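Asks: Quick one: structure below, then a few questions.
The values are calculated or read from the model by the stated rules, or taken from the named source; none is laboratory data. Not measured: the values here are computed from a predicted model. Positions of Cβ are generated from backbone atoms using ideal geometry, with glycine treated the same way; all protein chains shown enter the neighbour counts.
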């Protein structure tokens, strides 16, 4: 059989990652519609489905070698809808509207933080360590906000304290997104790479727990991820300070 060198790829394969991105778009749009109609649990689920679609489009593009600038731009637009507008609208319609100006201001701060995070990320592509994100990634921030609302909705928690807690969470994760704190990206754990058996075991365990109580487990997982960045940063600074102190003491001994 004769093989034609440099045969162009089928056009259809380029559609594959973009279809996942459009799926993320749809999840964000459906979340907005569900929030408007008061179906807050469906809105939360739609945002998490958008997260799954968002995590798959980039991996599919890398595995099929179909990465394009068009796909990157489309992905950013989908992120803005699904992880900025949809969670902010969900939060405001669920309870933040009761806080008046402070409520919509908290939602606006969160949404602007996502926009700034995406803009910075797009300008730094190829110039940063792929193992880490600079600032909390917006899907994880959206997951913290959404899972908190989902828990409150499931347990019918409607109080001023819960509303204030939500506003605090949105401003906090917004600050983490635009900060210089590093967060693990887990991009070094691609599907085609070897991973330790314990990692697979933990992943399966988390999936099983999610099926039993999705709102609580997802909140614990993503809140833990949000805390991991500042904790790792503080730990790293302390380690550097300790090493510097040991170096100075060793230098003094040799003088």
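Asks: Listed residues 224, 236; which is modelled with pLDDT of 90 or more and in a helix (DSSP H, G or I)?
Replies: When all the criteria are applied, what remains is 224.
Asks: Looking at region 91-103, is at least one residue out of contact with any helix residue (DSSP H, G or I) (no Cβ under 9 Å at 6 or more places or on another chain) and outside any helix (DSSP H, G or I)?
Replies: yes
Asks: Could you identify the single residue in 52, 47, 125 that is loosely packed, with under 15 Cβ neighbours inside 10 Å, in contact (Cβ under 8 Å) with a residue 12 or more places away in the chain and either more than 27 Å from residue 162 (Cα to Cα) or under 17 Å from the mean Cα position of the chain (by Cα) (or both)?
Replies: Testing whether each residue is loosely packed, with under 15 Cβ neighbours inside 10 Å, in contact (Cβ under 8 Å) with a residue 12 or more places away in the chain and either more than 27 Å from residue 162 (Cα to Cα) or under 17 Å from the mean Cα position of the chain (by Cα) (or both) leaves just 125.
Per-residue answers, yes or no, for (1) modelled with pLDDT under 85; (2) closer than 17 Å to residue 139 by Cα; (3) exposed (fewer than 12 other Cβ atoms within 10 Å of the Cβ):
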| site | (1), (2), (3) |
| --- | --- |
| 181 | no, yes, no |
| 187 | yes, yes, no |
| 198 | yes, no, yes |
| 210 | yes, no, no |
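Asks: Looking at (1) more than 17 Å from the chain's Cα centre (by Cα); (2) without any contact (Cβ under 8 Å) to a residue 24 or more places away in the chain, which one does residue 62 not meet, given that it meets all the others?
Replies: (2)
Asks: Something else about it: What about residue 132, is it farther than 21 Å from residue 95 by Cα and more than 11 Å from the chain's Cα centre (by Cα)?
Replies: Judged against the criteria, residue 132 is a match.
Asks: Filter region 66-86 for residues that are modelled with pLDDT under 95 and either over 16 Å from residue 119 (Cβ atoms) or in contact with a helix residue (DSSP H, G or I) (Cβ under 7 Å, 6 or more places away or on another chain) (or both); which is surrounded by the fewest Cβ atoms within 10 Å (Cβ to Cβ)?
Replies: In this case the residue turns out to be 70.
Asks: Taking residue 166, is it under 23 Å from residue 94 (Cα atoms) and either assigned to a helix (DSSP H, G or I) or modelled with pLDDT under 75 (or both)?
Replies: It is true that residue 166 is under 23 Å from residue 94 (Cα atoms) and either assigned to a helix (DSSP H, G or I) or modelled with pLDDT under 75 (or both).
Asks: To continue, here is another question. With respect to residue 20, is the statement that it is more than 14 Å from the chain's Cα centre (by Cα), in a helix (DSSP H, G or I) and under 25 Å from residue 135 (Cα atoms) true?
Replies: Yes: the conditions hold for residue 20.
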